[in-house]
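Q: After the structure tokens below, expect a handful of questions from me.
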Amino acid sequence: MTWPANSAKRTEDAAAGIEVSEEFEPFAQRDDIFSRAMWDDTVRSPRTDAFFASYRIEAAPRRGDGFTQRDFALRNAAWLISDIMTDRHAAQGRREGFQATLSADTPVSPDRVPVDDPARMAAEVKRTARFFGAQLCGITDFDRRWLYSARVDTRDMSDAPHDLPEGLTNVIVLGHEMDADLVATYPSALAGAATGKAYSHEAAVVLQLAAYIRNLGYQAVASMNDTALVIPYAVKAGLGEYARNQLVITPQLGPRLRFSKIFTDLPLSHDVPKPLGVAAFCDICTKCADACPVAALPFGPPSTDRPNRSAIKGVRKWTSDAEKCFGFWAKLASDCAICLRVCPFNRDYTRWTARVWRRLALSRFRRVALWLSRDHGARVKPQNWWAG
Ligand code: SF4
Ligand code: SF4
């Protein structure tokens, strides 16, 4: 599937800093590194199997500070609600939230509330998203390029259809904060509690917001990491800018958040991309790439290079080597986000000093901001988190 050079999408992409070439192909979810670790023997190993098993406490290893039983106990407890979502339709091959959308427990109301003003409806959706606990909410169009070409049936890891309803027009993107004190302890199993808590929290928020929309009489499909790449939607919805560490950097939380999404036909006005100046900062900064223990992050400018099949074809961007990255996760028996921890944008923006730094970083004085960040993001010992 290629996109003609004169595609209307080109103009929108330019505003979002997205560069798609003629080689573009939608990404197959079967090729994401977590799916490959379930079927591809070049990725799968006893160590990757042990990584997945460690999310059950009886199989969690014990290896000193940050990897003790209490660290794994907290991490695995933090994942609990997400795990319940993931497991509830596993017998049908639907690993929901990661390899399939979250099944709706609420039918679409037969009485449809009329929407005369999509801008007002968008404001109401954002109000409701905040009420349920999302920190950020943006809205963009349902650009099908970012849909996975197929989802994965986890019974045999084969391609399966998405089963999305017809007529979807919009994507609501929600941002969910990760705990700053836990993130400061990466790499550790303890820090993985920040990831698990964010996923468990987002599962509840995205399902509740989707239920609200379905009660209004419109389609709403709740989605976490499944079904589509969320980053292009988050950027197009004006929530932030893509960075070298493969994350979206937002003005409110920097890179310290996760995203979920809802596909809907509710009439909504769209947000617009808001380039901040993050890419210009990443051009002069390599702190994440320097800190990566397995050299999985790129130096130099964005490119269309694909280190392996776990990278999308035909998009010019900074792309990690997912095989190296996940290899390190497997070694830890937990997720790693060192590249998030050390990022100078990972700050508490409720503090005025952080807001002044951000202003500097997004201005032509970015080199001063980088110099001021030379000792930023040092690791906190996990035992100090427990003592605190
Ligand atoms: S998550 Fe860890 S291993 Fe992966 S790219 Fe970031 S620093 Fe490297
Ligand atoms: S550490 Fe530096 S290069 Fe990496 S994402 Fe953050 S600002 Fe960009």
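The values are calculated or read from the model by the stated rules, or taken from the named source; none is laboratory data. In this text, all values refer to a predicted model and were calculated from it rather than measured experimentally. Virtual Cβ from ideal backbone geometry, glycine too; neighbours counted across all protein chains shown. Calculation scope for accessible area: heavy atoms of the full protein, side chains included, ligands and nucleic acids excluded. Shrake-Rupley method; radii C 1.70, N 1.55, O 1.52, S 1.80 Å.
Q: Take the cross-link list Lys331/Lys381; Lys274/Lys317; Lys236/Lys331; Lys126/Lys324; Lys261/Lys317; Lys313/Lys381 and give me the ones stretching past 28 Å between alpha-carbons.
A: Lys236/Lys331; Lys126/Lys324; Lys313/Lys381
Q: Roughly speaking, what is the centre-to-centre gap between region 61-107 and region 185-218 when only Cα atoms are used, to the nearest Å?
A: 11
Q: Now for a separate question. Kindly sort Leu360, Leu168 by accessible area of their heavy atoms, largest first, with the probe set to 1.4 Å.
A: Ranked list, largest accessible area first: Leu360, Leu168.
Q: Considering the dipole of region 13-387 built from charges on the beta carbon (Lys and Arg +1, Asp and Glu -1) around the Cα centre, which of Ala78, Leu182, Ala203 is farthest to its positive end?
A: It is Leu182.
Q: Multiply the residue separation of Val113 and Val356 by 0.36 nm, subtract the distance between their alpha-carbon atoms, and state the gained length in nm to one decimal.
A: 83.1 nm
Q: Measure off 7 Å from each Cα along the Cα-to-Cβ vector at Asp163 and Arg70, then give the distance between these two points in nanometres to one decimal.
A: The two pseudo-label positions are separated by 4.3 nm.
Q: Helix-only mean residue ellipticity at 222 nm, the chain, DSSP H runs n ≥ 4 weighted -39,500 (n - 2.57), per residue, nearest 500. What is it?
A: My calculation for the chain gives -10000 deg cm²/dmol from helical runs alone.
Q: Out of Cys288, Phe365, Ala191, whose Cα points farthest toward the positive end of the dipole of region 13-387 (charges: +1 Lys, Arg; -1 Asp, Glu; placed on Cβ)?
A: Positive-most Cα among the choices belongs to Phe365.
Q: By residue number, which cysteines of the chain lack any other Cys whose Cβ falls under 4.7 Å from their Cβ?
A: Flagged as lacking a Cys partner: Cys137, Cys282, Cys285, Cys292, Cys325, Cys336, Cys343.
Q: Hey, another quick one. How high is the relative contact order of region 13-387? Use alpha-carbon pairs under 8 Å, at least six apart in sequence, and give a whole percent.
A: So the answer I get is 23 percent.
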